[in-house]
1. In this model, which of Lys84/Lys408; Lys175/Lys216; Lys26/Lys368; Lys105/Lys221; Lys175/Lys346 are farther than 23 Å apart at the alpha-carbon?
2. What net charge is computed for the residues neighbouring Phe158, neighbours being all others with C-beta under 12 Å from the C-beta of Phe158, Lys and Arg scored +1, Asp and Glu -1?
3. Helix 383-393 against the longest principal axis of the chain: what's the angle in degrees, Cα atoms only, rounded to the nearest 10?
4. How tilted is helix 2-19 with respect to the longest principal axis of the chain? Cα atoms for both, answer in degrees (0 to 90, nearest 10).
5. For Asn127 and Ser294, compute 0.36 nm times the residue count separating them, minus their Cα-Cα distance, and round to one decimal in nm.
6. In nm, to one decimal, how far is the modelled label at Thr265 from the one at Lys153, with both set 7 Å along Cα→Cβ?
7. What net charge is computed for the residues neighbouring Ala269, neighbours being all others with C-beta under 11 Å from the C-beta of Ala269, Lys and Arg scored +1, Asp and Glu -1?
8. Suppose R0 equals 41 Å; then what is the FRET efficiency for Lys416 and Thr195 from their Cβ-Cβ distance, rounded to the nearest 0.05?
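The values are calculated or read from the model by the stated rules, or taken from the named source; none is laboratory data. Quick caveat: nothing in here was measured; it's all calculated off a predicted structure. Backbone-built Cβ (ideal geometry, glycine too); neighbour counts: all protein chains shown. Accessible surface is based on the protein model in full, side chains and every heavy atom, while ligands, DNA and RNA are left aside. Shrake-Rupley method; radii C 1.70, N 1.55, O 1.52, S 1.80 Å.
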Amino acid sequence: MKEELVRKAYEVAKERYAALGVDTEKVLKQMQDFHLSMHCWQADDVAGFENQGGSLTGGIQVNGNYPGKARNIDELRADILYAKSLIPGTHRLNLHEIYGDFGGKYVDRDQCGVEHFQSWIEWGKENNTLLDFNSTSFSHAKSGDLSLSNPDKGIRDFWIEHSKRCRAISEAIGKAQGDPCIMNTWVHDGSKDLTVNRLMYRELLKDSLDQIFAQKYDNMKDCVESKVFGIGLESYTVGSNDFYTSYAAKNNMMITLDTGHFHPTESVADKVSAMLLFVPELMLHVSRPVRWDSDHVTIMDDPTMDLFSEIVRAGALDRVHYGLDYFDGTLNRIGAYVIGSRAAQKCMLRALLEPIATLRKYELEDKKFQRLALLEECKNMPWNAVYDEFCLRNNVPVGEEYLAAVEKYEADVLSKRN
């Protein structure tokens, strides 16, 4: 009965959208090509597998201690696969370097190599999952407040070597999977209080990045990421938005836009059209900042909806890559994956269903009333019926049905970990 209702609702939605000049079948095909890069660190609260102990540093923080977080690589992989089974479409997995398969041994970050990610490469092939990558500058004895911009050459060289090795790992992943591995470079570097050496630190960061990116690769893509501030580093961030925007534009590199890494009233959506005039591609880290970079689970809020709308309006579907980046330990972590992933998909779906040709016609004819009225009416269109059909065609739970599946996994698997 549920399937019959979904089909009927979709047919009605299909007709209503057709009246606006929107082909829902075309949109559903586009949604099949919309691949999220799911973040592995939601499954274990950014702990990783380095086996060195210590707490999370680098100005980031995870709240909560909900039972059942992944304790090892096998549990993390199982959790991610189960979460993926509840999300329509096919999706990538984004790894941090600290999630290597280290075999229980301590491997320092300037010694990491492809061999520590070979099992991930094999896992990705076995599970139809392409991989992306990140260097990891936080939660290490040499992290401190400064890594790639540290005046201490020994520490700086340590992180340069780490970053070079991460790029080599990304190249190997990309070559093995037959699709470029996207590697993001973000470092926490900054100062808690006033600094009189802003230029010096940025000169050092630029020099470090120049060394890191000197080696050219064919099977990976680099991107760089800024941030406003981190906890304990409130007064100054070396890798600010201005710094990385300039660096990426000068070097024709991809730039990462993390939706939590800007001022609370700043529009990330507005950056899409501005940046794409000067950089080849964008990488998104979609999160939900609440007053600061709190990394709450992504939902269908206005900033996320605006972001995806601007991507579609800019005709940039083939120039933007979509990653998730939040970590919430206060709720079921599988549920967090599903909520955030589906929310991002719904935002993209709604953006694709927008009758953009009619809206642009109104705007060029200076019909402000008609443009605003149609934008408002689009919010009330049956986009949710189209998303339900998308779920049905991908053989995943429709609507709230996934709640029972998450609860069952918690009872059968997660609850037995404590």
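1. Exceeds cut-off: Lys26/Lys368; Lys105/Lys221; Lys175/Lys346.
2. So the surrounding residues net to +1.
3. 70 degrees
4. 80 degrees
5. Working it through step by step, the gained length comes to 57.0 nm.
6. Roughly 4.7 nm, to one decimal.
7. -3
8. My answer for the efficiency is 0.25.
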